[in-house]
């Protein structure tokens, strides 16, 4: 049976056992994509992009992604350059 608990009265949950074949670390707080969006200020689309690019540790349970909070915090602490990124083919944009 799936067990979870709230942490410090907010919406974060920690899963205590295997869920749908995925082992979720019970010692690491997790967030839904919506919660990660609020926590980080990034859009849900950007959170999903970071997950698919492997830049965030996450587990997919059914159709829902769960993001490890420490992974998101680590990503947020990295310096980022705002603005357009260079194109991979090296082509200039006008």
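Brief remarks follow.
- Peptide ranges 75-81, 41-47, 56-62 listed from the most packed, as the mean C-beta count within 10 angstrom indicates: 56-62, 41-47, 75-81
- Site pair residue 70 and residue 43 shows an inter-label distance of 3.1 nm when each label is modelled 7 Å from Cα along Cα→Cβ.
- The gain in end-to-end length when the residue 63 to residue 25 segment is fully stretched comes to 11.8 nm, 0.36 nm per residue minus the alpha carbon separation.
No value in this document is a laboratory result; all are computed from the given coordinates. Source: prediction; values computed, not measured. FYI the Cβ positions are ideal-geometry reconstructions off the backbone, even for glycines, and counts take in every protein chain you see.
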